[in-house]
Amino acid sequence: GEVARSAALASLGKLAASVAHELRNPLSGIRMNAQVLAEEHRQGGRADPSVDLIIREIDRIDLYLQEMLALAGPPRGDAGAPPLSPVRLDELADSVAELVAARARHAGIEIRRRYDPAAPPAKAEPNRIRQVVLNLLLNALEATPKDGHITLSVQASHGAVRFSVRDSGRGV
């Protein structure tokens, strides 16, 4: 009856959230590589509208995935929220930096790392933190001029851990 239907809907929501999470990370990598290709074409004087179309379609897919996550996910503070686990922010930052490494090299931007080995793991939901770090890095790449640098920092801070992304751009 109603209980079985509710359980089935909850399972479907968990599956949708899992699929959306798994698709968003590789989609971000594909988008970044398409942006590098589009920039190479523009600099070579041979702009390709099909690459711009690919980027727009990826953005559209990502919006659908975000909506799916919002609909499938429990409200904040709900007992059904994804479990928190210890996350090494330095390792997570390195894995995200690898996703954007080709774009950074192409733009002449150095990614520097300053990791405090004494920094403890953060208690977090890894996929959400990975998405935040990716967004911060993408913003920093857009704000950083050629021959600039981005610094990823993880520091111990009063028994907690602090993560930051700094760029050599002009600022807001």
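For the range 12-30: of the residues being more than 13 Å from the chain's Cα centre (by Cα), open to solvent by less than 70 Å² (accessible area, probe 1.4 Å) and of a type outside the set (A, V, I, L, M, F, W, C), which is modelled with the highest pLDDT?
18
Inside the range 106-120, can you point out the residues that are modelled with pLDDT of 90 or more and either among the hydroxyl-bearing types (Ser, Thr, Tyr) or open to solvent by 20 Å² or more (accessible area, probe 1.4 Å) (or both)?
108, 110, 111, 112, 113, 114, 115, 116, 117, 118, 120
Does the range 112-120 contain at least one residue that is of a type outside the set (A, V, I, L, M, F, W, C), assigned to a strand (DSSP E or B), over 24 Å from residue 66 (Cβ atoms) and in contact with a Lys or Arg (Cβ under 8 Å, 6 or more places away or on another chain)?
No.
Hey, any hits in the range 53-65 for a residue that's open to solvent by less than 40 Å² (accessible area, probe 1.4 Å), hydrophobic (A, V, I, L, M, F, W, C) and at pLDDT 85 or above?
The answer is yes; a qualifying residue exists.
Can you pull out the residues in the range 86-105 that are open to solvent by 40 Å² or more (accessible area, probe 1.4 Å) and modelled with pLDDT of 85 or more?
Of everything in the range 86-105, those that are open to solvent by 40 Å² or more (accessible area, probe 1.4 Å) and modelled with pLDDT of 85 or more turn out to be 86, 88, 91, 94, 95, 98, 105.
The values are calculated or read from the model by the stated rules, or taken from the named source; none is laboratory data. This one's a predicted model, so the numbers in the text were calculated from it and none came from an experiment. We place every Cβ from the backbone using ideal geometry, glycine too, and count neighbours over all the protein chains shown. The protein model used for the area step is the full one, side chains on, heavy atoms only, and it has no ligands, DNA or RNA in it. Shrake-Rupley method; radii C 1.70, N 1.55, O 1.52, S 1.80 Å.
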